[in-house]
Amino acid sequence: MIRPAQLAGNEVPWCRYGYYLPQRPSFTLDPVFHAGAYYVQEAGSMFVERIFRQLFEPDTPLRILDLCAAPGGKTTLLSTLAGASGLVVANEVIRQRAGTLVDNVRKWGIGNTLVTNNDPSHFASLRHYFDLVLVDAPCSGEGMFRKTPGTRTEWSEANVKLCAARGRRILGDVWEALRPGGILVYSTCTFNVQENEETVEWLASEYDCEPVDVTADPAWGIVQGEAAGMATFRFFPHRVQSEGFFAAVLRKGDGRVRVQVPKPRKAIFAPLARREGEEAARWVGQPQQMLFQRVGENIHAYYAPQFQAVREISESLSVLCSGVLCGQLFGGKLRPEHSLALFHDVSRRQVPVVELSPDEAVAYLRKADISPVRLQEGINLVTFDGLPLGWIKRIGARSNNMYPKELRIVNL
Ligand code: SAM
């Protein structure tokens, strides 16, 4: 199990929230992991935070597109950085991988993120829409050879060529969706120049790109360079504590902004009746920040500043999850969904909160029976170390473990 006290002194220098782990623990058996308190990714990936903080003021209401997002490492960080005023659209073109992305976004519980399952070309319909676009491109993965030696056998010159061409196609497809003056971050976990610097040079030759002032502290060992005048950052494993990583940052030329939103294909959202809205609002700590909407039978909550964008995107792309899925109303009462338990601002006043022991927490996550003795009649929120894990319902002398079947721990 990972606890912050063990990590002091192991901070990742370019990320306020990042720590190096002394060894790889069993995340599967750590209830805190299932509560969404941490996500495990390479330190290099966390450099996204350094870029973000150097270019944007805190609380700027940003629309962010994370175009190649699964499994969601950088999405989690961007969601945290975007906060209640921002919106993160996390897209993954491969359906199965998009499912994992949904699970991770739900676990992270920030409530400002939409997961879409679209081809990059579909984003051209959202012209000049996003303030920040991250293209963490599918690549030949040379930076992972040390950590996962098996990936070496998948490498070939032909694959490098293919990846470089694909990276360019993805960048070209998404360029229109970035607003003039907006920021593009292009990253890979590979070393070769075709997929990295040469792709940035290609982009700068085809489109109106401008340099931005982003730096790394020389003490960190990151190699700062440039491609066609745009800032680049290389993470070599023998010089910096991270597996291999490459990132380039640039600004789209400041032309005339003409935001275009496609005509709605379908009406998705319906407002709630006053009573229904009041019932949903009770389950959230600060409901005044949020709008509650009906999507089919479900009630969702959205941070108000970005609801219009959520509506526009939902009406034109294939959205798999958005905002906070709160649950369904039965007889005027909300039956809460798992996502609501993991939302960072779930209300702890609405139902009894029951702290579980380590053994009980793992049993709960296995969807095993939990003794009803400490539960109150009806729905209870169960926590571990104060962090919500999910819901459980007591019905007389028995309990109904409401942890989603598809998420339960099975490999014990
Ligand atoms: N950003 C992710 C993270 O931090 O967890 C990792 C992304 S991974 C390097 C690249 C992603 O691009 C994969 O999820 C892959 O499925 C997706 N991908 C593959 N082919 C693609 C394509 N043609 N267009 C867009 N994305 C693609």
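The values are calculated or read from the model by the stated rules, or taken from the named source; none is laboratory data. Everything quoted here is computed from the prediction, not taken from an experiment. Cβ: placed from backbone, ideal geometry, glycine included. Neighbour counts: every protein chain shown. Quick note on the areas: whole protein, heavy atoms, side chains included, nothing else; ligands and nucleic acids left out. Shrake-Rupley method; radii C 1.70, N 1.55, O 1.52, S 1.80 Å.
Name every residue in region 70-88 that is within 17 Å of V324 (Cβ to Cβ) and without any contact (Cβ under 8 Å) to a residue 40 or more places away in the chain, in order of residue number.
Listed by number, the residues that qualify are G72, T75, T76, S79, A82, G83, V88.
In region 194-207, which residues are more than 16 Å from the ligand (Cβ to nearest atom), under 17 Å from L134 (Cα atoms) and part of a loop (DSSP other than H, G, I, E, B)?
Listed by number, the list holds a single entry, Y207.
Can you tell me which residues in region 171-193 are in a helix (DSSP H, G or I) and buried (at least 22 other Cβ atoms within 10 Å of the Cβ)?
L171, V174, A177, listed by residue number.
Answer with yes or no whether T151 is within 13 Å of the ligand (Cβ to nearest atom) and either open to solvent by less than 10 Å² (accessible area, probe 1.4 Å) or part of a helix (DSSP H, G or I) (or both).
When the stated conditions are applied, T151 passes them.
Given the residues A84, A90, which is the only one that is within 15 Å of the ligand (Cβ to nearest atom), small (G, A, S) and in contact with a strand residue (DSSP E or B) (Cβ under 7 Å, 6 or more places away or on another chain)?
A90
Go through (1) crowded, with 18+ Cβ neighbours inside 10 Å; (2) under 19 Å from P13 (Cα atoms); (3) away from the ligand (no atom under 16 Å from the Cβ); (4) not acidic (D, E) for F236 and report which single condition fails.
Of (1) crowded, with 18+ Cβ neighbours inside 10 Å; (2) under 19 Å from P13 (Cα atoms); (3) away from the ligand (no atom under 16 Å from the Cβ); (4) not acidic (D, E), only one is false for F236: (1).
Any residue at all in region 99-110 that is more than 9 Å from the ligand (Cβ to nearest atom), hydrophobic (A, V, I, L, M, F, W, C) and closer than 24 Å to E197 by Cβ?
No, that holds for no residue.
Being open to solvent by 20 Å² or more (accessible area, probe 1.4 Å), within 27 Å of Q286 (Cβ to Cβ), of a type in the set (D, E, K, R) and within 16 Å of the ligand (Cβ to nearest atom) is the filter here, so list the residues in region 43-81 that pass it.
Within region 43-81, K74 is the sole residue that qualifies.
List, please: which pairs have Cβ atoms under 9 Å, are six or more places apart or on different chains, and start with a residue in region 29-46 that is within 25 Å of V223 (Cβ to Cβ) and end with one that is of a type in the set (A, V, I, L, M) and within 16 Å of the ligand (Cβ to nearest atom)?
Q41/L77; E42/M144; A43/V12; G44/A247; S45/L77; M46/V12; M46/L77
For region 332-343, check the following and say yes or no: at least one residue is on the phi > 0 side of the Ramachandran plot, out of contact with any Lys or Arg (no Cβ under 7 Å at 6 or more places or on another chain), among the charged types (D, E, K, R) and surrounded by 14 or more Cβ atoms within 10 Å (Cβ to Cβ).
no
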